[in-house]
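Here is the structure we will look at, set down as structure tokens.
The values are calculated or read from the model by the stated rules, or taken from the named source; none is laboratory data. Note that the coordinates shown come from a computational prediction; the quantities given were computed from them, not determined experimentally. Every residue, glycine among them, receives a Cβ derived from its backbone with ideal geometry; neighbour counts consider all protein chains shown.
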Amino acid sequence: MALEGSKIVVTGVTGQVAEPVAKLLARDNDVYGAARFGDEEARERLEAAGVTCVKIDLGAGEVADLPADADYVINFAVAKSGDWDADLDANAGGVLWLMDHHRSARAFLHCSSTAVYQPNGHRKFKESDALGDNHRVWSFLETYSICKIAAEGAARWGAAKYNLPTTIARLSVPYGDNGGWPAIHLEMMIAGAPVQVHSDAPSIYHPIHEEDIVASLPKLFAAAGTPPTVVNWGGTEAVSVEEWCTYLGELTGLEPEFDATDATISSVALDLTRMHEVIGTTNVHWKDGMRRMVEKFHPELLKG
């Protein structure tokens, strides 16, 4: 299955993950990028890459300007204002507005998060494991985990209601030439600020490069079903925050400082058995991807 010559809707298109995805897809497809577009520069970048930009408001259900005959829909949109009513309306309600409008699509991909898992030490989380609130510890993301769980529930209902083949993909740590959590850590290292890691070390995740995100889309669409296919979505290599910051230090000569605390999210290592069955392994090794990330943002710091 190849995504070529398809009409594709990408929501949350001004976000860190969705923008590069939409740009890459627009090379071979008719892509409609949906967002509120408070950032005019983002609109200009997307349009220059061949993306048709459509202003929407998921919280208010304003999606009518999107093409109802889209072949595929990728929902990267997320609201994290901290206002529970607004965030539930935009995240859970927004999924249903999209699925209702695109009920005839060939497949619907909802990007969830590994933030839905109930913290459980260093367990490798399977898709069937208990869900919970692992982001409440960060006050600026108080609504995040619960709204992600609510949005998954909405996607399950919408798939059944409209017989719309759906995949729910729980994304780990996305990164690449458009930034990401490792890029934030690099900036912290440059500023001499300590990087928080959980006191129950190491803080393990599965960083996935934006190129691997795009490469896995055809198989995630092909796996869509009713009820939805639920799959972890991350890089094949398990890597800790401590490990990638140390490597960034090796590349730049910067010395990372770590602050071990309980006031940060704990390790979310993944069991990727189902992901490997659905999409195979990822291609961009985390060290290669992070070296490229440094080249993009701070080539002057790159040693050798």
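Key figures
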| read-out | value |
| --- | --- |
| Pair list, Cβ < 6 Å and 6+ apart or interchain, from the range 112-128 residues that are under 14 Å from residue 275 (Cβ atoms) to residues that are of a type in the set (Gly, Ala, Ser) and at pLDDT 95 or above | 114/172; 124/269 |
| Filtered residue count, the range 226-251, keeping only those that are among the acidic types (Asp, Glu) and more than 19 Å from residue 265 (Cβ to Cβ) | 2 |
| Subset of the range 152-171 [surrounded by fewer than 24 Cβ atoms within 10 Å (Cβ to Cβ), touching a Phe, Trp or Tyr at 6+ places or on another chain (Cβ under 9 Å) and under 30 Å from residue 267 (Cα atoms)] | 171 |
| Residue 14, sole failed condition from (1) outside any helix (DSSP H, G or I); (2) among the polar types (S, T, N, Q); (3) buried (at least 24 other Cβ atoms within 10 Å of the Cβ) | (3) |
| In the range 203-242, the residues that are among the polar types (S, T, N, Q) and either buried (at least 23 other Cβ atoms within 10 Å of the Cβ) or out of contact with any His (no Cβ under 8 Å at 6 or more places or on another chain) (or both) | 203, 216, 226, 229, 232, 240 |
| Among (1) at pLDDT below 95; (2) in a helix (DSSP H, G or I) - the single one residue 150 does not satisfy | (1) |
| Count of residues meeting criterion [among the β-branched types (Val, Ile, Thr), in a loop (DSSP other than H, G, I, E, B) and farther than 22 Å from residue 230 by Cβ] in the range 255-278 | 1 |
| Residues of the range 243-265 satisfying the condition of being aromatic (Phe, Trp, Tyr) and buried (at least 16 other Cβ atoms within 10 Å of the Cβ) | 244, 247 |
| Scope the range 272-290; condition surrounded by 15 or more Cβ atoms within 10 Å (Cβ to Cβ) and not hydroxyl-bearing (Ser, Thr, Tyr); matching residues | 272, 274, 275, 278, 279, 284, 286, 287, 289, 290 |
| Top-ranked residue of the range 163-196 - restricted to ones that are touching a residue at least 12 places away in the same chain (Cβ under 8 Å) and among the β-branched types (Val, Ile, Thr), ranked as farthest from residue 279 (Cα to Cα) | 190 |
| Single condition residue 226 does not satisfy, out of (1) under 27 Å from residue 71 (Cβ atoms); (2) within 21 Å of the chain's Cα centre (by Cα) | (2) |
| Elements of type helices (runs of 4 or more DSSP H) in the range 17-132, at least 1 residues being of a type in the set (D, E, K, R), at pLDDT 95 or above and surrounded by fewer than 20 Cβ atoms within 10 Å (Cβ to Cβ) | 40-48, 84-88, 94-101 |
| Scan of the range 231-262 for residues that are closer than 12 Å to residue 201 by Cβ and hydrophobic (A, V, I, L, M, F, W, C), ordered by number | 241, 258, 260 |
| Residue within the range 279-288 that is assigned to a helix (DSSP H, G or I) and either of a type in the set (A, V, I, L, M, F, W, C) or in contact with a Lys or Arg (Cβ under 9 Å, 6 or more places away or on another chain) (or both) present | yes |
| Tabulated pairs, the range 197-211, first within 11 Å of residue 236 (Cβ to Cβ) and touching a residue at least 24 places away in the same chain (Cβ under 8 Å), second part of a helix (DSSP H, G or I) and not small (Gly, Ala, Ser), C-beta under 6 angstrom, 6+ apart or interchain | 207/286 |
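Let's see how each residue does on (1) at pLDDT below 95; (2) part of a helix (DSSP H, G or I); (3) over 25 Å from residue 96 (Cβ atoms):
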residue: 170; (1), (2), (3): no, no, no
residue: 183; (1), (2), (3): no, yes, yes
residue: 208; (1), (2), (3): no, no, yes
residue: 232; (1), (2), (3): no, no, no
residue: 243; (1), (2), (3): no, yes, yes
